[in-house]
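Participant: After the structure tokens below, expect a handful of questions from me.
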Amino acid sequence: MITIDGTSGAGKSTLSCLLADALGYHLLNSGLLYRALAYLLLQDNAIDRLDNIHLQKLAEQLDVHFRRTTTAGCYQVEVNGIDVTDKLYDPACSTLASQIAVKPNVRAVLLDKQRMFRQFPGLVAEGRDMGSIVFQDANKKFFLTALIEERAKRRSIQLQETMFHANVHNIERQLAMRDQRDQQRAVAPLKPTEDMVIIDTTYLSRKDVLDNMLKKVLETKE
Ligand code: DC
């Protein structure tokens, strides 16, 4: 069981995908569960989208299927049977996902859904609380960070690929707000624990980070 936590745009999605492929493990991108829930919320006409009872019911009914693909995104995501992959990185969806992620009852429902991904021969799980809360007994825990300017640049390139208009300064502002919300929430705040290996990816290539992680994983196995 390997966990990768860290801030948005630090490289978690790409690296978790590469690491899972290198090891032949299953993969969980937990942020996509929060995004899928946000997508469903944006679809319905609730008067108060952040109403706790409504949110909890939606979370319990959430039917998400991930299909691995060979493209950079790594996943095709189906919510209630419909492919919504291209919609989940819409800025409105990103903001709402971060807002619902502060809700303890939503996190509690998603906890069980995330743990069900743990299957033989192994799982690489990425998110904000994978090593600190969801899979506390993981064999290896990583925490990825990068300077916010670099993260905004990466997210802007990713958004352009999915055809959303992206202004790098706006993205940087939104990232800073999401970082603050993720780090300061009362339940499962984003922060490295003592047993995590911290990697700053700002000046590293994907290959450098992957090699570094594989080395650490193999050290653990020995
Ligand atoms: O990793 P991401 O940007 O796709 O995640 C979307 C949002 O979901 C993010 O603002 C924080 C939240 N999230 C979380 O609170 N806990 C996780 N394990 C994963 C994501």
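The values are calculated or read from the model by the stated rules, or taken from the named source; none is laboratory data. Computed from a predicted model, the values in this text were never measured in an experiment. Cβ coordinates were reconstructed from backbone atoms using ideal geometry, including for glycine residues, and neighbour counts include every protein chain displayed. With ligands, DNA and RNA removed, areas are computed over all heavy atoms of the protein, side chains included. Shrake-Rupley method; radii C 1.70, N 1.55, O 1.52, S 1.80 Å.
Participant: Which shape class, rounded, prolate or oblate, goes with segment 125-222 when its Cα gyration tensor gives a ≥ b ≥ c as root eigenvalues, a/c under 1.5 marks rounded, and past that a/b bigger than b/c marks prolate?
Facilitator: Oblate, because a/c is 1.5 or more while a/b does not exceed b/c.
Participant: A follow-up question, please. Mind checking which of Glu78, Glu149, Glu161 has the largest fluctuation in a GNM of the chain, springs on alpha carbons under 10 Å?
Facilitator: Highest fluctuation of the listed residues: Glu161.
Participant: Would you kindly calculate the translational diffusion coefficient of segment 4-104, applying Stokes-Einstein with the Kirkwood radius from alpha carbon pairs, for 20 °C and a viscosity of 1.002 mPa s, and quote it in µm² s⁻¹ without decimals?
Facilitator: 149 µm²/s
Participant: Further question: Give me the dipole magnitude in Debye, nearest 20, for segment 1-68 about the Cα centre, with unit charges on the beta carbon: positive for Lys and Arg, negative for Asp and Glu.
Facilitator: Dipole of segment 1-68, to the nearest 20 debye: 220 debye.
Participant: While we're here: Return the distance in nm (one decimal) between the two label points of a simple spin-label model at Phe120 and Gln136, each offset 7 Å from Cα along Cα→Cβ.
Facilitator: Each label point lies 7 Å from its Cα, and together they span 2.7 nm.
Participant: Of all beta bridges DSSP finds with both residues in the chain, what is the antiparallel percent, to the nearest 5? Walk me through the numbers before you get to the answer.
Facilitator: Details: 7 of 24 bridges.
Restricted to the chain, the bridges split so that about 30 percent are antiparallel.
Participant: Let me ask something else. Among Leu110, Leu23, Leu18, what's the order by accessible area (1.4 angstrom probe), most exposed first?
Facilitator: Reading off the accessible areas and sorting them downward yields Leu18, Leu23, Leu110.
Participant: I want the antiparallel fraction of DSSP beta bridges within segment 1-127, as a percent rounded to 5.
Facilitator: DSSP beta bridges in segment 1-127 are roughly 45 percent antiparallel.
Participant: Measure out, as a whole number of angstrom, how far apart the alpha-carbon centroids of segment 195-215 and segment 148-193 sit.
Facilitator: 19 Å
Participant: Okay, moving on. Ordering Met177, Met116 from largest to smallest accessible area (1.4 angstrom probe), what's the sequence?
Facilitator: Accessible-area ranking of Met177, Met116, largest first: Met116, Met177.
Participant: What residues of segment 46-60 lie in the reach of a label at Ala108, counting those whose backbone N is under 19 Å from a point 7 Å from the Cα along Cα→Cβ?
Facilitator: 50-60
Participant: Where in segment 32-71 is the amide nitrogen less than 19 Å from a point lying 7 Å along the Cα-to-Cβ axis of Glu161?
Facilitator: 32-33, 35-36, 66-71
Participant: Give me D for the chain in µm² s⁻¹, whole number, from Stokes-Einstein with Rh from the Kirkwood sum over alpha-carbon pairs, 10 °C and 1.306 mPa s.
Facilitator: Numbers: Rh = 17.7 Å.
Answer from the Stokes-Einstein relation: 90 µm²/s.
Participant: Which one, Ser98, Met177, Asn139, is farthest towards the positive end of the dipole of segment 95-194 when Lys and Arg carry +1 and Asp and Glu -1 on their Cβ?
Facilitator: Ser98
Participant: Under a point-charge model restricted to the Cβ atoms of Lys and Arg (+1) and Asp and Glu (-1), what is the dipole moment magnitude of the chain relative to its Cα centre, in debye to the nearest 20?
Facilitator: The calculation lands at about 80 debye.
Participant: Whenever you get a sec, compute what percent of the accessible area on segment 1-110 sits on carbon and sulfur atoms (1.4 Å probe).
Facilitator: The value for segment 1-110 is 52 percent carbon and sulfur by accessible area.
Participant: Put +1 on the Cβ of each Lys and Arg and -1 on the Cβ of each Asp and Glu in segment 1-63; which of Ala36, Leu15, Leu58 then has its Cα farthest toward the positive end of the dipole?
Facilitator: Of the options given, the answer is Leu15.
Participant: What figure in square angstrom, to the nearest 10, would you give for the accessible area of Arg128 with a 1.4 Å probe?
Facilitator: 40 Å²
Participant: To continue, here is another question. Rounded to the nearest 20 Debye, what is the dipole magnitude of segment 116-196 about its Cα centre when Lys and Arg each give +1 and Asp and Glu each give -1 at the C-beta?
Facilitator: 160 debye
Participant: Counting only heavy atoms of the protein chains, get the accessible area per residue of segment 83-193 (1.4 Å probe) and round it to a whole Å² value.
Facilitator: 50 Å²
Participant: Between 0 and 90 degrees, rounded to the nearest ten: what's the tilt of helix 12-23 against the longest Cα principal axis of the chain?
Facilitator: 50 degrees
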